[in-house]
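In what follows, a structure is listed as structure tokens, so that the remarks can point back to it.
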Amino acid sequence: MQQGNGIELSLTIAQIIQRLRGSHLHSQIERQAKECLHQPDVKLESLKEDVRSFLKTSGWERKLQNAVYRELQLPPRHPPAPPEHLKEPLAYMRKAQASWEKRVLKSLNSMSTELGVPLAHMRPAAEQKELTNKWNEMGTDEPDLSRFRPVYAPKDFLEVLIGLRNPNHDSSEDISARSHWGLIQVPLNVRDIPHLREAYSELNLTSGQMGIDDHALIHPAVLCTHSLFCLHLSCVVVMEEDSAAAQQYSRQGCPTGLRADLWALILNATNQPQDVMHYEQLKAGVIQHNLLVDNLIYKVSYIYLTPPLLFSQVLLCFSRDTAVLEHFKYNSATPPKSYIQGEIISVIPFHGFSMYVAPLCFLYNEPSKLYNVFREMYIRYFFRLHSISSHPSGILSLCLQFERLLQTHLPQLFYHLRQIGVQPLRLAFKWMVRAFSGYLSTDQLLLLWDRILGYDSLEVVAVLAAAVFAFRAENLMEVTSLASAEAVLADLSTLKVMPLIQVFLFATAM
Amino acid sequence: MAVITSCCVWQTGHSLQTSHLFFQTMTPDDTKPVNFTVKAPVYLQIGDTKADTAHSGVCVVDVNLPFGKPVNIEEVTFKNYYTAYVTVRLLRRNPEQEAPAKWCTALRDLPLMDNPHTERGSQDYYTIHRTQMQVEPDHVVCVRLILRQPSLAWLTFSLEDIKIFPHTEPDPEKEVSDWLSDLTLIDQHPDLEGLPDPQTVSSSIQQMWALTEVMQTNQTTASIGRFDVSETHSQPHLSCNECVHDGGDVMKFGR
């Protein structure tokens with residue numbers, strides 16, 4: 001954007017090389033190249049071309065492309081900017097995030113003191129042994145959790161977001177104060193419907209979508225052809241192991257049977273031996289140490305009726321995965337950590353964050369695979385829903401986008417709600433902060449998350465929130481209180497997400 | 001701009017000794033920025049009296065380079081603070097001609113913010129390279145940055161941390177290469193049947209060379225006796241049993 005393209009490109013190339021060098025993939029490719037020299041068709045005179053074509057035909061070049069593709073998802077680094085700037089360019093946002101984190105940590109510490117439970121302690125040997133034996137039954141016991149309360153609720157976080165102000169923003173002008181009816185006062189760049197139509201062109205009313213166009217009401221002949229075509233295409237994508245193609249494919253929804261593989265491919269969440277080993281190490285950590293947050297995790301797992309076993313296993317391991325801290329180099333958030341004998345052993349999750357894991361339990365039954373996919377989804381998307389940043393997929397941008405879409409395209413509804421003292425964001429916030437997990441039926445939720453992966457953005461969550469308001473607009477226009485507005489929007493379990501989004505984006509009168 | 005080469009060594013064994021992959025990377029500058037003085041930014045006002053002024057959304061920042069030392073600019077870096085567009089003008093003085101220094105526009109209205117009313121780009125770091133400029137930024141005496149921010153949304157706007165880096169002659173460099181496509185072979189073991197080992201030959205040549213150096217410094221007119229001048233080569237040549245002939249090449253010892 002601001003530099004000569006050649007310079008920027010070579011910088012990017014250099015940085016990616018730096019990051020891939022010394023990685024496991026690098027040593028694997030090296031080994032493969034070494035071993036291929038035994039082959040008779042690899043000749044000394046044309047060594048370069050022969051090795052290269054060997055790596056291509058054996059699929060290693062594709063793996064490398066996938067790894068490079070994954071690296072490109074991470075933010076680029078330019079020499080002049082310091083690291084904290086790359087995570088979050090706006091100084092006042094970094095400050096707000098830091099003070100929010102302090103608040104959360106303080107809350108956790110005070111809970112610990114109040115209850116007399118340390119943040120972390122080592123389990124005695126007998127308890128460790130018992131837990132090892134019961135690892136596969138975990139989740140069926142009901143420990144006494146009545147004393148534990150959540151660290152914070154979504155509405156506390158919303159208040160922080162609403163209070164955010166840019167010190168350089170001039171809010172004295174009457175015009176600017178009245179032009180935005182919503183709660184978010186930060187002027188971030190968000191896209192309106194014309195831009196969204198361009199960006200989400202695959203969701204056009206004329207394009208087939210998984211979950212709508214394979215419905216039983218369609219004539220069987222058409223259904224068969226379309227479904228078979230999609231299934232064939234997705235099989236090819238999976239067999240070719242092409243991350244970028246999988247992502248493109250996911251924009252129109254994944255077939256149920258192949259979703260697990262497609263998501264793993266898009267996220268480049270491999271299940272190599274070292275991944276399984278890493279998971280086993282984390283599991284060992286769970287058995288060894290008991291953390292205060294474990295109790296919070298147990299508490300939440302009963303709210304969501306998924307296989308509780310897998311769910312608990314994954315979350316407990318995640319809270320100990322310090323490799324996740326590595327990811328926070330790209331995010332200005334610093335998660336609270338707890339120490340046992342000087343060693344950092346945990347990333348402390350927040351209340352409700354376990355809602356992100358639950359849907360994945362329906363896709364994967366192997367713990368280490370589920371764990372890897374969840375971890376990738378968390379560090380790419382979900383963490384943005386509970387940290388303060390100016391990123392287009394951050395919760396702040398999503399809130400602003402929701403409010404702007406509503407004000408621009410449903411002004412009567414917005415005005416009416418304000419008249420009765422209801423701010424729409426207060427109704428929609430809890431949906432967006434959980435990416436609708438727990439509010440939609442599972443199959444619909446997975447179709448929504450297909451698009452999050454396919455478009456590499458959480459924007460579709462804000463669009464759906466506005467689309468739900470559009471769908472229930474008639475009922476909402478008749479309510480006269482906050483309680484009745486909440487009642488209208490209480491049950492989303494019967495909604496079909498893709499038709500709602502399609503109609504809102506492509507059939508709204510402009 | 002300094003360029004470093006980093007390489008990764010593959011131990012492949014067998015018929016290849018080693019292979020090297022060469023990468024070219026551009027580092028953040030090893031060269032130091034030029035020392036200069038920045039005058040206080042001048043915000044242009046509209047209106048006659050002090051009470052009646054309105055912000056025009058235009059600001060001028062003059063950067064005076066050291067007197068008597070015109071600079072050839074490689075790049076200009078700065079950190080933005082809510083400036084929407086920047087125009088760069090240069091005062092250049094040609095050292096050969098006696099003509100007075102002239103102003104020219106190097107870059108007009110470079111957008112720093114996507115949308116002047118919203119945050120994107122408002123606090124980003126920027127680099128303007130000489131290749132992006134419309135004129136050659138050589139023999140520059142003064143740089144004038146004209147900042148524009150048309151939006152009423154912001155209380156103030158400016159540029160921070162302005163740095164100017166001088167142009168240095170580049171080192172002979174290789175091209176930036178794709179890591180996989182630039183596999184360069186060195187140190188192959190050729191087929192050595194009948195020939196002595198190259199390593200041994202080179203070390204013995206070195207010894208011979210050192211000996212001849214010593215001999216040169218201790219030259220006498222006395223005949224040494226052990227060496228004969230041979231007529232079989234195209235040039236006068238001292239034949240000795242350690243002289244290696246390879247395909248007609250003649251190795252000469254001494255002067």
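The values are calculated or read from the model by the stated rules, or taken from the named source; none is laboratory data. Everything numeric here is computed off the predicted structure, so don't read it as measured data. When we count neighbours, we look across all protein chains shown, and the Cβ atoms used for this are built from the backbone with ideal geometry, even at glycine. What goes into the accessible areas is simple: the full protein's heavy atoms, side chains included, and nothing from ligands, DNA or RNA. Shrake-Rupley method; radii C 1.70, N 1.55, O 1.52, S 1.80 Å.
Could you say whether any residue in the range A:95-110 is within 14 Å of chain B (Cβ to nearest Cβ), at pLDDT 80 or above and either out of contact with any Lys or Arg (no Cβ under 6 Å at 6 or more places or on another chain) or outside any helix (DSSP H, G or I) (or both)? Yes - at least one qualifying residue is present in the range A:95-110. Of the residues making up the range B:88-96, not a single one is in contact with a helix residue (DSSP H, G or I) (Cβ under 8 Å, 6 or more places away or on another chain), within 14 Å of chain A (Cβ to nearest Cβ) and not acidic (Asp, Glu). Applying the condition of being without any contact (Cβ under 8 Å) to a residue 40 or more places away in the chain and within 7 Å of chain A (Cβ to nearest Cβ) to the range B:113-128 and asking which residue is nearest to A:Asn166 (Cα to Cα) yields B:Glu119.
The criterion of being away from chain A (no Cβ under 12 Å), part of a strand (DSSP E or B) and of a type in the set (Gly, Ala, Ser) does not hold for B:Ala99. One residue alone among A:Gly6, A:Gly22 is modelled with pLDDT under 70, assigned to a helix (DSSP H, G or I) and facing chain B (nearest Cβ under 10 Å), and that residue is A:Gly6. Cβ separations smaller than 9 Å between residues 6+ apart or across chains give the following pairs from the range B:29-48 residues that are farther than 13 Å from B:Asp62 by Cβ and open to solvent by 50 Å² or more (accessible area, probe 1.4 Å) to residues that are part of a loop (DSSP other than H, G, I, E, B) and modelled with pLDDT under 80: B:Asp30/B:Met1; B:Asp30/B:Ala2; B:Gln45/B:Thr53; B:Ile46/B:Thr53.
Rundown of residues vs (1) surrounded by 23 or more Cβ atoms within 10 Å (Cβ to Cβ); (2) assigned to a loop (DSSP other than H, G, I, E, B), yes/no style:
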| position | (1), (2) |
| --- | --- |
| A:Cys361 | no, no |
| A:Glu376 | no, no |
| A:Ile379 | no, no |
| A:His391 | no, yes |
| A:Cys399 | yes, no |
| A:Arg404 | no, no |
| A:Arg418 | no, no |
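Number of residues in the range B:76-85 that are open to solvent by less than 10 Å² (accessible area, probe 1.4 Å) and more than 27 Å from the chain's Cα centre (by Cα) equals 3.
The numbered conditions (1) outside any loop (DSSP other than H, G, I, E, B); (2) modelled with pLDDT of 90 or more; (3) crowded, with 16+ Cβ neighbours inside 10 Å are all true for B:Thr105 except (3). The helices (runs of 4 or more DSSP H) found entirely in the range A:435-510 that carry 1 or more residues being in contact (Cβ under 8 Å) with a residue 40 or more places away in the chain, surrounded by fewer than 21 Cβ atoms within 10 Å (Cβ to Cβ) and of a type in the set (S, T, N, Q) are A:442-455, A:497-506. When B:Thr131 is tested against (1) in contact with a Phe, Trp or Tyr (Cβ under 8 Å, 6 or more places away or on another chain); (2) surrounded by fewer than 17 Cβ atoms within 10 Å (Cβ to Cβ), only condition (1) is not met. Residue-level check: of (1) away from chain A (no Cβ under 11 Å); (2) among the aliphatic types (A, V, I, L, M); (3) out of contact with any Asp or Glu (no Cβ under 9 Å at 6 or more places or on another chain), B:Leu110 misses just (1).
Under 7 Å between Cβ atoms, which residue pairs at least 6 apart in sequence (or on different chains) link something in the range B:136-158 that is closer than 12 Å to B:Val86 by Cα and in the same structural domain as B:Pro66 (by TED's automatic domain parsing) with a partner that is at pLDDT 90 or above and among the acidic types (Asp, Glu)? So the pair list comes out as B:Arg144/B:Asp62. One residue stands out among those in the range A:175-190 that are away from chain B (no Cβ under 11 Å) and open to solvent by 50 Å² or more (accessible area, probe 1.4 Å): the one that is modelled with the lowest pLDDT, which is A:Ala177. One residue stands out in the range B:147-167 among those that are in a strand (DSSP E or B) and among the β-branched types (Val, Ile, Thr): the one that is least open to solvent (accessible area, probe 1.4 Å), namely B:Ile164.
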